[in-house]
Amino acid sequence: MLKKIILFLILLISFASCKNVAKAKIEINGNVYTVEIANTQEKRSKGLMFRKSLPADSGMLFVFSYEDYRYFYMKNTLIPLDIAFFDSQLKIVSIKQMEPLDETTVPSDKKAMYALEMNKNFFNKEGIKVGDQAKLLTSIKYFP
């Protein structure tokens, strides 16, 4: 009986420690990428902080409720990143590079409703540029 209780507690702790990470598929120039979704204030604030690596062709899509000039920085972010800003129609309005732990603000060049962080040089390697159109293949909700 004690073994069953211990096993149950181990399983309970394991399930409690699993993070429920929402993911979505985004298509850009005919290629599909699976990305994490940051659609709550808590997720947007944390972003990719404290991670030591990011798998190739994956990233984080930040979702906002309206278009506006967006500002990002790399506080507690250990990996070099590219960021693409998208308008409400998912057209890329700017692409920037960001260095680890750099707290200099990186602004969008135009109003944006989405921002996609990927590993550094991702957009250049994939031939993705300002003006390219993306398509969300997964329904995404915004939560304040």
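The values are calculated or read from the model by the stated rules, or taken from the named source; none is laboratory data. In this text the structure is predicted, and so the values were computed from the model without any measurement. Because the Cβ atoms are built from the backbone with ideal geometry, glycine has one as well, and the counts that use them run over all protein chains shown.
Quick check on this structure: which one of Ala112, Ala134, Ala84 is over 16 Å from Asn31 (Cα atoms) and modelled with pLDDT of 95 or more? Before you say what the answer is, go through the steps one by one.
Numbers: Ala134 fails: over 16 Å from Asn31 (Cα atoms); Ala84 fails: over 16 Å from Asn31 (Cα atoms).
It is Ala112.
Quick one: is Lys141 within 22 Å of Ala24 (Cα to Cα), charged (D, E, K, R) and not in a strand (DSSP E or B)?
yes
Enumerate the pairs (first residue in the stretch 119-136 and over 15 Å from Phe85 (Cα atoms); second residue anywhere and in a loop (DSSP other than H, G, I, E, B) and of a type outside the set (Gly, Ala, Ser)) with beta-carbon separation below 8 Å, excluding pairs fewer than 6 apart on the same chain, so at least 6 apart or on different chains.
Glu126/Asn29; Gly127/Asn29
Here is a check on your reading of the model: is Pro55 over 20 Å from Thr138 (Cβ atoms) and not in a strand (DSSP E or B)?
Here the answer is no, as Pro55 does not meet what is asked.
Identify, please: which residue in the stretch 68-110 is in contact with an Asp or Glu (Cβ under 6 Å, 6 or more places away or on another chain) and not in a loop (DSSP other than H, G, I, E, B) and is, among those, farthest from Val32 (Cα to Cα)?
Selected residue: Gln97.
Restricting to the stretch 52-76, give me the number of residues that are within 21 Å of Lys25 (Cα to Cα) and either touching a Cys at 6+ places or on another chain (Cβ under 6 Å) or surrounded by fewer than 14 Cβ atoms within 10 Å (Cβ to Cβ) (or both).
5
Please work out which residue is surrounded by the most Cβ atoms within 10 Å (Cβ to Cβ), limiting yourself to the stretch 105-144 and to residues that are more than 18 Å from Met60 (Cβ to Cβ) and of a type in the set (Asp, Glu).
The selected residue is Asp132.
How many residues does the stretch 77-86 hold that are more than 20 Å from Lys135 (Cβ to Cβ) and either exposed (fewer than 14 other Cβ atoms within 10 Å of the Cβ) or hydrophobic (A, V, I, L, M, F, W, C) (or both)?
At the first step, the residues of the stretch 77-86 found to be more than 20 Å from Lys135 (Cβ to Cβ) are 77-81.
Now drop any that are not either exposed (fewer than 14 other Cβ atoms within 10 Å of the Cβ) or hydrophobic (A, V, I, L, M, F, W, C) (or both), which leaves 78-79, 81.
Total meeting the criteria: 3.
Could you give every pair whose Cβ atoms fall below 8 Å, whose first residue belongs to the stretch 22-43 and is in contact (Cβ under 8 Å) with a residue 12 or more places away in the chain and closer than 16 Å to Lys129 by Cα, and whose second residue is among the charged types (D, E, K, R) and buried (at least 16 other Cβ atoms within 10 Å of the Cβ), counting only separations of at least 6 or pairs across chains?
Listed by first residue and then by second, the contacts come to Ile28/Glu126; Ile28/Asp132; Asn29/Glu126; Asn29/Asp132; Asn31/Glu126.
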